[in-house]
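Just dropping this structure here.
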Amino acid sequence: MKTFLKEVLIELRDRAENISDLIFLVPSKRAGLFLKKELLEIYPNQTFFVPEILSIEEFITTISGLQQIDNIQTLFEFYETYLNTYPHLEKENFETFSNWAQTLIYDFNEIDRYCIDHKSFFAYLSGIQDLNHWYLQKEKTELVKNYITFWESLLEYYNNFKSHLLKKKIGYQGLLYRKAADDIQSYIQTEKRKHVLVGFNALNNAEQYIFQSLLKAGIGEVFWDADQFFIENTYHEASLFLRTYKNQWEYYKTKPFQWIKNNFSDQKNIKHIGVPKNVGQAKFIGKILKSIPQTEMEKTALVLADEALLQPVLNSLPDTVDSLNITMGLPLKEVPLSSFFELLFNLHKNPNPKGLYYKSVLEILNSLPSYRLLGHTSTKIIAIISRENRVFLTLEKLQEHANEKEKEILKLIFESWTETTKALNNCKKIIQLLKQSLDKEKDALELEYAYHFHVVFNKLITLHTTYKYLSTIATLHSLYKDILTTETLDFSGEPFRGLQLMGMLESRCLDFETVIISSVNEGVLPSGKSINSFIPYDLKRAYNLPTYKEKDAIYTYHFYRLIQRAKQIYLVYNTENEGVGGGEKSRFLLQLDIDKRPNHIIEKYTVSTEVPRLSNKLVQVKKNEAILSKLKELGAHGLSPSALTRYIRNPIDFYYNYILGIKETDEVEETIAANTLGTVIHNALETFYTPLENTFLTVDAIKKMQHQVESEIKYQFKKEYSELDITQGKNLLIFEVAKRYIQNFLKSELKLLSTGAQLKILAIESNLKAQIQISELDFPVYIKGKVDRIDQLDGQLRIIDYKTGRVSRNDVVLMDWDTITEDYKYSKVIQVLAYAYMQYTQSKTSESIQAGIISFKNLKEGFIKFGTKESIRGKANHEITKEVFDEYLLQLKKLILEIYAIQIPFTEKEV
């Protein structure tokens, strides 16, 4: 296959040009690298001096005599100009300034690249802004006046900024182009070598003037990479710029426009492939690469229109790709370490007077860099925060369980960043510590990440030292993010071996037999109309500045030029209309149908994801001797009613909780949870009633309790979670609910006593235990539990369980005994009867027993007693007799035998 660069060199060789005396100008450094490779093939076994090969940026830098500065430095230099221009006016801080200045710098750049008459341009622009606001009112407000003054001042800002940069011999890209255009004539007088301009397309006005000057002086020759089909079809955007040069350049009025080839009409196999989601594209690209023979891999280019696909694609490459050259860098913002520093900035830029917010602290401690620095101490601190339910933390609290070295690390991470110098120094020290924690061989990639972040923070320190404008952490964070978007982690590799993985701009001047392009979607290829500029569209048109139309034409040219000489073309797009990288397929795919030549074979596919058939298999765990041994231990210790009801609800949960000992992870509660509310109410009532054990309840005792409710509830909340704020928000409401529950309960007690009832408190929070005699088992099994209250109402023994949730009479009245071990609905029956049975066996009492529940959410029901009845309409019998216990024990034994039967596995229940 004859590439464009090879064709250019063959033409020069056939003309007997002295290749060493030429200067080649190419669109990019990468194109220059491939040009050198082609030189070796065109002039084999020959000794010659390699010609000077310059990218257009290098050539412009040479002519202008200025050093190009990046966007960040440009912003700082412009701020200096801003402060020194009209110093009598009130000036914004750097953070506010940077929000609009970057857009203005972009506009300055465009004005200079296109060599616009800036005086008339800025006058025109301020006139438009004035016109836009004249109708507001006859007398302009101070705000409007300041706004108009700003636009009128732009010319002065521009002139001063330009002078400021030229004095320092530095400049942004546009200024270098304008200076180069101004100095091209001086350059031509001193440089007589021939300049070969290779593979250019969209030229700004400065480039056009420089190129035409070289052509006019007879020391320039242009090799366009044009195609006959696009040049002849005037509607086609792929040749928009080349047609303009052909028709408008003075040079081509007397000279032919050469280098129009006919490659697009050659034979091509084009596949349009729709794949759902970005990761789907990456996976399918891996399949395409697997189908390409290794011998053809060097002639293959994988072009990522959306560079965010780089990591998914790298993770999806097949084993057949044994060599890879990546010409795009991985943006540092995609590196895992960037999220760690993002968390740090978010924590420190808005400090909370209450302390460090637990969620921010946990996110940082759970990150890999924290684990690298602190090891298991980070896990220990996380557990303590959760256990103590600390919503806001101090550095001292975090350092409590750390050694001296770890205390210093925690100080670097969590101490207040009072000002930017401290923040930068802390970040730099963190990176040094990370570097020391990494192994050179095992963690080579992470070391590379750390080095690049070291460079980023060094750059920030230099800027801060030089310019002194970073006054707040928020400003520093904003600048850090700007730098992070421009910095990349570059890959090293053999440039001409294996698969070539690149972005659209890296493909300029390069040709491949097989081309795979990803993300061929609207909004990506082409990128759409989003241009960040203060210049209105009409003004851009009036001064021939590029608009979205020209931007689309650039993408069109790159797209068609890439497939111009290719034989096998895969165009992959995202079929999903929503989400990242989603949207409709690119207009280029539709245009390829219209542009279809006789030799083109276009095939269209839609890839559907292979969805495995999901079988809803219930988890099943077979019992063995180890499990049976654990069950025996549980039996000897005592099975609680909640353990038995957990088994009824779902045997697999019982296995996880009671056999494996897996508990729910403690989590910090910002809002009081339902179980915490229950604990607080239980503890408060225990405090009130415990001193009254074995005495009759009196009105005075209850009234005394009523006066202490608020202070007791506060104490219990403080005791349960010392850091919990109950003075505002949802927690205050829950605090009030707890107070109301207890007040209402005490009122119900008073009401009961007012009827003349005698109420004796026998026990509060009594621990009970009883053995269940099961002849089929050769080991003892006990049940145990803590009953909330045992009392005697007018001689009637009552076993009472408190519930903060809603309970109705239907929950504790039974018609069919067989249902209690099958339906979780009757879990409360199992619970209250277990307490009753344990009290019955422990006290050996012969008096009748009643057992039931007091529901704080349903206090109007009073004491909700367990009962049995023959039919739905029948009357319930609430007395718990020996016959009731016999029936209950029969069901309980059946349940326990099922739990202990080795042949019956723990089987998950369908929810």
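Return the loop-located trypsin sites (Lys or Arg not before Pro) in region 243-318 (DSSP other than H, G, I, E, B) with at most 16 other Cβ atoms within 10 Å of their own Cβ; answer none if there are none.
Passing sites in region 243-318 do not exist.
Between residue 92 and residue 605, 0.36 nm times their residue separation minus their Cα-Cα distance comes to what?
Net length gain for the segment: 179.1 nm.
Nearest-5 percent of antiparallel DSSP beta bridges in the chain?
Here the antiparallel bridges make up roughly 35 percent for the chain.
Find me the longest stretch of the chain that has none of the exposed chymotrypsin sites (Phe, Trp or Tyr not before Pro), where exposed means in a DSSP loop (not H, G, I, E or B) with at most 14 other Cβ atoms within 10 Å.
535-911
Over the Cα atoms of the chain, each weighted equally, I'd like the Debye log10 I(q)/I(0) at q = 0.05, 0.06, 0.11 Å⁻¹, rounded to two decimals.
Taking Cα atoms of the chain as identical point scatterers yields -0.52, -0.69, -1.36.
Give me the distance between the Cα centres of region 732-752 and region 772-849, rounded to whole Å.
26
Can I ask one more? Give the separation of the Cα centroids, region 157-226 to region 259-304, in Å.
37
Note down the relative contact order for region 137-264 as a percent, whole number, built from C-alpha pairs under 8 angstrom at least six residues apart.
With pairs under 8 Å counted, the relative contact order is 20 percent.
Using only C-alpha positions, report the orientation-averaged shadow area of the convex hull of region 305-459, nm², one decimal.
Convex hull of Cα atoms, orientation-averaged projection: 11.7 nm².
Stretched out fully, how many nm does the piece from residue 704 to residue 485 gain, at 0.36 nm a residue minus the Cα gap?
72.1 nm
Tell me which GluC sites (Glu not before Pro) from region 416-477 have a DSSP coil assignment and no more than 11 other beta carbons within 10 Å of their own.
441
Also, quick follow-up: Can you tell me, using C-alpha contacts under 8 Å and at least 6 residues apart, the relative contact order of the chain as a whole percent?
13
Taking Cα pairs under 8 Å and at least six residues apart, what relative contact order does region 802-911 come out at, in percent?
Relative contact order here is 31 percent.
Per residue of the chain, what 222 nm ellipticity follows from adding -39500 (n - 2.57) for every DSSP H run with n ≥ 4, rounded to the nearest 500?
Mean residue ellipticity, 222 nm, calculated: -15500 deg cm²/dmol.
Hey, what angle do you get for helix 376-388 against the long axis of the chain, alpha-carbon based, 0 to 90 degrees rounded to 10?
That works out to roughly 50 degrees.
Measure nothing fancy, just the Cα-based angle from helix 404-414's long axis to the longest principal axis of the chain, in degrees from 0 to 90, nearest 10.
70
For region 490-585, which GluC sites (Glu not before Pro) are in a loop by DSSP, counting at most 14 other Cβ atoms within 10 Å?
Sparse-neighbourhood loop GluC sites (Glu not before Pro): 578, 584.
Further question: In 5 Å bins starting at zero, report the fraction of Cα pairs in region 67-176 per bin as a rounded %.
For region 67-176, the binned pair fractions read 2, 11, 20, 23, 20, 13, 6, 3, 1, 0 percent.
Output the 0 to 90 degree angle, nearest 10, between the alpha-carbon long axis of helix 699-720 and the longest principal axis computed from the alpha carbons of the chain.
Helix 699-720 sits roughly 30 degrees off the main axis of the chain.
Whole percent per 10 Å bin, from 0 to the bin with the longest distance: what is P(r) over all C-alpha pairs of region 506-561?
18, 44, 26, 10, 1
Tell me, how many Å apart are the Cα centres for region 378-401 and for region 1-65?
Here the two parts' Cα centres lie 64 Å apart.
We did not get these values from a lab; they are worked out from the coordinates using the rules stated. All of these numbers come straight from a predicted model, not from anything done at the bench. Methodologically, a virtual Cβ is constructed for each residue, glycine included, from the backbone with ideal geometry; neighbour enumeration extends over all protein chains shown.
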